[in-house]
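Every number in this text was worked out from the coordinates using simple rules, so none of it is lab data. Every value quoted in this text rests on a predicted model; they were computed, and no experiment measured them. Cβ atoms come from the backbone with ideal geometry, glycine included; neighbour counts cover every protein chain shown.
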Amino acid sequence: MKKLIKGIFAATLALGLTFSAAACGRNIDTDPDVIVVGASATPHAEILAVIKEDLAKAGYTLEIKTFDDYITPNTALEEGSVDANYFQHTPYLNTFNEEYGTHLTAVEKIHYEPFGVYGKNVTKEQYESVKTGRTILVPNDSSNLTRALFVLRDEGYIELPDGASPAQNLTEHDITDAKGNTVRPVQAETVAQLLRESDNGTIAVINGNYALQAGLKAADAFAFEDAHGDAAQLYANVIAVKSGNENHPKIQALLKALKSQKVIDFINETYGGAVQAVFSV
């Protein structure tokens, strides 16, 4: 799977670089008054849409390019077709840089999406009383898989080694006791759909943005990550840029517009706790 993903990345990056060259080598300075940001559709693009008018008043046009995966937004940022992206947390970004040789930097934490546990025809009582013999779907990228395993540990579905830390990259092979459950890592963007297609009794740990896109609500979840723990800071979603562009006027204008009470109010009113702002104004 990793070789396949790397192959996809390499092909995508090559295509991106070819396109970039054909477009006269676009970079952050090509369109001085236009800020292009790559984002997941929900909630990232929705949050960005809130600040379009504010950036227009500051003299910038905000263009939002939406992506439905976790690879191409970073490919686009590396090759310059977007000026920033907004979809990931720093552990994922760091792992991506290490695996694919990209040069991307997190510049600001914006919001946190607690992982939620959802089920296929499972009641709350069944979830709490039957914690063995289940198929459990989890995202397969290293940082999000680690998060999911800690949620499952805290919920009593598996056990992890003594001293295990959320800052580590764990896999299903690190589970010391699966308690009769089958933990099945799959691509993060497919977890919600695969849950729908699974047998009754299956549960899944789903990224907040993909849960929202799938129409799942906070009230549907059996459990969430602890929003008051270290995870809220460690896994906060960030604005990322290509290294060297951290202090560019476009990026500073974008951050100023995002870190506002207007954005905090929108998040609180729209997502019912499934998304939480992590900055203060």
### Query
Taking +1 at the Cβ of each Lys and Arg and -1 at the Cβ of each Asp and Glu, which of Ala39, Pro161, Ala148 sits farthest along the dipole of the chain towards its positive end, judged by Cα position relative to the Cα centre?
Ala39
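Which order do peptides 136-142, 182-188 fall in by mean Cβ count within 10 Å, highest first?
In decreasing order of mean packing, 136-142, 182-188 become 136-142, 182-188.
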### Query
Using a simple charge model, +1 on the beta-carbon of Lys and Arg, -1 on the beta-carbon of Asp and Glu, nothing else, what dipole does the range 28-99 show about its Cα centre, in debye to the nearest 20?
240 debye
### Message
Output the 0 to 90 degree angle, nearest 10, between the alpha-carbon long axis of helix 249-258 and the longest principal axis computed from the alpha carbons of the chain.
### Response
50 degrees
### Task
Would you kindly state how much longer the chain becomes between Ser129 and Lys256 on full extension, computed as 0.36 nm times their sequence separation minus their alpha carbon distance, in nm to one decimal?
41.0 nm
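What stretch of the chain, leaving out the sites themselves, is the longest with no chymotrypsin sites (Phe, Trp or Tyr not before Pro) in a DSSP loop having at most 16 other Cβ atoms within 10 Å? Walk me through the numbers on the way to the answer.
On the way: sites that count: Phe222, Phe279.
The longest such stretch corresponds to 1-221.
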### Task
Treat every Asp and Glu Cβ in the chain as -1 and every Lys and Arg Cβ as +1, leave all other atoms uncharged, and give the resulting dipole magnitude about the Cα centre to the nearest 20 debye.
260 debye
### Message
If you average the alpha carbon positions of the range 213-253 and of the range 147-188, how far apart do those two centres end up, in angstrom?
### Response
22 Å
### Query
Among Lys217/Lys262; Lys52/Lys120; Lys109/Lys217; Lys57/Lys109; Lys52/Lys242; Lys131/Lys259, which pairs are too far apart, with a Cα-Cα distance over 32 Å?
Lys52/Lys120; Lys131/Lys259
### Task
Let me know the charge dipole size of the range 193-281 about its Cα centre in debye, to the nearest 20, where only the beta-carbon of Lys, Arg (+1) and Asp, Glu (-1) is charged.
540 debye
### Summary
Listed with the fewest Cβ neighbours within 10 Å leading, Ser81, Ser40 appear as Ser81, Ser40
#### Entry: Estimated vicinal HN-Hα couplings, Hz - the range 99-111 in sequence order (Karplus 6.51, -1.76, 1.60; Gly, Pro = x)
7, 10, x, 7, 10, 10, 9, 7, 10, 6, 7, 10, 8
### Task
Just grab the label-to-label distance for Glu197 and Thr176, each label 7 Å out from Cα along the Cβ direction, in nm (one decimal).
3.6 nm
#### Entry: Sum of -39500 (n - 2.57) over DSSP H runs of 4+, divided by residues of the chain (222 nm, nearest 500)
-11000 deg cm²/dmol
### Message
I want the antiparallel fraction of DSSP beta bridges within the chain, as a percent rounded to 5.
### Response
55 percent
## Note on the structure
Whole-Å distance linking the alpha carbon centroid of the range 33-52 with that of the range 53-75 is 4 Å
### Task
Report the FRET efficiency, 1/(1 + (r/R0)^6), for Lys52 and Asp29, where r is their Cβ-Cβ distance and R0 is 25 Å, rounded to 0.05.
0.70
